[in-house]
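Reading through the structure tokens given below for one structure.
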């Protein structure tokens, strides 16, 4: 990393006194660092930015820290006339529960080093029971900046109490403002796996088998119409969804047809199988993917 990367460098800044018989250039300055869990110290090279009599400030060159780890830093000073002195300090982990970069970038769990829109690797699911809270400290620069950014963006309804932000409400508000959709509930019910989206879209998919026993003549064709109708998860659809269905029979050539009736929000439609000649008793396979709205 470099000194502009969030949480990957540390700045050394201190003042000191020295023997009156020496000048500041005679003072040896040593900076070491280590993980708090380690017993081994590493030396850091000091990059001079200011060095006047009795003061020093500079970045530790050649050092790349991890935001998720804590470190000890040790500063040692010595001159030709004495053993010198040592000072030790502590660098905590860098936490990024939520980072806003400028007006158009959001990062969760990391820093937002570039001005880009929200980027999620994979589906984002916000659980109904999850509601981590973030308490802002008035007068703290970063907290004041976050509160100001929320106000400037016109985001409302995200505070559970004075200076206490619901991260769930904040994330939902930000994603809604930029037009992003996301999953708010997932689950299983019977043969189904289902998902509800914040926009109101809902979907489910599943598969099952059934026993085929007997074929009935229909003109020059033969049909089997005992394909089961499967109940949808309760409350998943407010009206009949778009239903994508496929059925087959083990060991037989068939094609599927839709029987009379309308699409329902309660259960799948009625289907049957057709073939040119009668067939043996066998097992059928049924696959569904239905897409509709839950609100």
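Worth a mention:
- Considered as a group, the residues in segment 2-39 that are modelled with pLDDT of 70 or more and farther than 22 Å from residue 84 by Cβ include one that is surrounded by the most Cβ atoms within 10 Å (Cβ to Cβ), and that residue is 9.
- Matching entry among 207, 229 (being in contact with a strand residue (DSSP E or B) (Cβ under 8 Å, 6 or more places away or on another chain) and not in a strand (DSSP E or B)): 229
- Qualifying residues in segment 253-282 (those that are without any contact (Cβ under 8 Å) to a residue 40 or more places away in the chain and not in a loop (DSSP other than H, G, I, E, B)) - the one surrounded by the most Cβ atoms within 10 Å (Cβ to Cβ): 256
- Among the residues listed as 173, 147, 180, the single one being surrounded by 13 or more Cβ atoms within 10 Å (Cβ to Cβ), modelled with pLDDT of 65 or more, assigned to a loop (DSSP other than H, G, I, E, B) and out of contact with any strand residue (DSSP E or B) (no Cβ under 6 Å at 6 or more places or on another chain): 180
- Residues that are assigned to a loop (DSSP other than H, G, I, E, B) and either closer than 17 Å to residue 32 by Cα or at pLDDT 70 or above (or both), drawn from segment 69-109: 69, 70, 80, 81, 92
The values are calculated or read from the model by the stated rules, or taken from the named source; none is laboratory data. Keep in mind it's a predicted model, so treat the numbers as computed, not measured. Glycine also receives a Cβ, built like all others from the backbone with ideal geometry; neighbour counts cover every protein chain displayed.
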